[in-house]
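Asker: My questions all concern the structure below.
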């Protein structure tokens, strides 16, 4: 009966940089009372196959836990053992794409400051009086904006509102991770769930998210690019806005044009009277709120990504 005997004294491990592959070369001796060809040895079920995952009990050496299940055989080298035709040396190189911190899955967060141009009819801190903390307002409006009139004859000021683009990249292993879609008729899939698009895009965060309070971040969508070994590089894209994406809209008169009233005077000697929009309301283009942590609350084999983002490792010493 054939045997595969592990020889751990010749193991080699190559640690990669964070996010790169870790390589482990493992040695075995394959023996059989019957002489075999190299092809018979390679095809023996006891010998690991290139592209397969490591059996956690391979060669009588139990290695429990998800971490050991992530190893994939990249190469298998079979050579005759010197002095006998009944034994073969087997060397298997495994690799896994893991962070050097074993309790943390690989991810990357990129933040970029940008801005948008917004129409401003009213200015000052009072413009946000009465606006809910999460930025959700009714439309058609049931309240008007306070503050100082700054438009001239319905021509608003053009102001810059600070924004922050946020991208979260992580790895998705199609051979291990599976999603359960909520879409009607969808089945369990090795790819990311389709509701990331259908449920979350163009909504805002219902709770604090990546340093921003509720209502300040919208989800722009995601991309998935193939990387080697059935790994997808998934990128979630978010946009945070200092005004919670709110827009000022002037109230119309019966004819549809902006309803005007007395506005601020310009200059002195002479003083020029102006008219301004009489009533202004907020409009929220992203009226739905969802829990964005659900986009990252899943286990990729080494821990929950959302937990890892909010609990950085390694821990700083006291």
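The values are calculated or read from the model by the stated rules, or taken from the named source; none is laboratory data. From a predicted model like this one, the values you see are computed outputs, not experimental measurements. Positions of Cβ are generated from backbone atoms using ideal geometry, with glycine treated the same way; all protein chains shown enter the neighbour counts.
Asker: Across the range 215-230, what is the number of residues that are in a strand (DSSP E or B) and crowded, with 16+ Cβ neighbours inside 10 Å?
Answerer: So the count comes out to 4.
Asker: Of all residues in the range 107-145, count the ones that are modelled with pLDDT of 95 or more and touching a helix residue (DSSP H, G or I) at 6+ places or on another chain (Cβ under 6 Å).
Answerer: Residues flagged as modelled with pLDDT of 95 or more and touching a helix residue (DSSP H, G or I) at 6+ places or on another chain (Cβ under 6 Å) within the range 107-145 amount to 1.
Asker: How many of the residues in the range 129-155 are touching a strand residue (DSSP E or B) at 6+ places or on another chain (Cβ under 6 Å), more than 19 Å from residue 285 (Cα to Cα) and either in contact (Cβ under 8 Å) with a residue 60 or more places away in the chain or not assigned by TED's automatic domain parsing to the domain that holds residue 283 (or both)?
Answerer: 6
Asker: Looking only at residues that are surrounded by 12 or more Cβ atoms within 10 Å (Cβ to Cβ) and not in a strand (DSSP E or B) in the range 19-35, which one is modelled with the highest pLDDT?
Answerer: Among those residues, the one meeting the criterion is 32.
Asker: Additional query: Under 6 Å between Cβ atoms, at least 6 apart or on separate chains: pull out the pairs that start in the range 281-305 with a residue that is under 30 Å from residue 127 (Cβ atoms) and assigned by TED's automatic domain parsing to the domain that holds residue 211 and end on any residue that is modelled with pLDDT under 95 and in a loop (DSSP other than H, G, I, E, B).
Answerer: Filtered contacts from the range 281-305: 281/141; 283/139.
Asker: Which one of these does residue 213 not meet: (1) free of Cβ contacts under 8 Å to residues at least 12 places away in the same chain; (2) out of contact with any strand residue (DSSP E or B) (no Cβ under 7 Å at 6 or more places or on another chain); (3) within 19 Å of residue 166 (Cβ to Cβ)?
Answerer: (1)
Asker: Quick one: is residue 196 at pLDDT below 90, assigned by TED's automatic domain parsing to the domain that holds residue 151 and crowded, with 16+ Cβ neighbours inside 10 Å?
Answerer: It is true that residue 196 is at pLDDT below 90, assigned by TED's automatic domain parsing to the domain that holds residue 151 and crowded, with 16+ Cβ neighbours inside 10 Å.
Asker: Give the residue that is modelled with the highest pLDDT, with candidates limited to residues of the range 87-106 that are surrounded by 14 or more Cβ atoms within 10 Å (Cβ to Cβ) and assigned to a loop (DSSP other than H, G, I, E, B).
Answerer: By that ranking, first place goes to 106.
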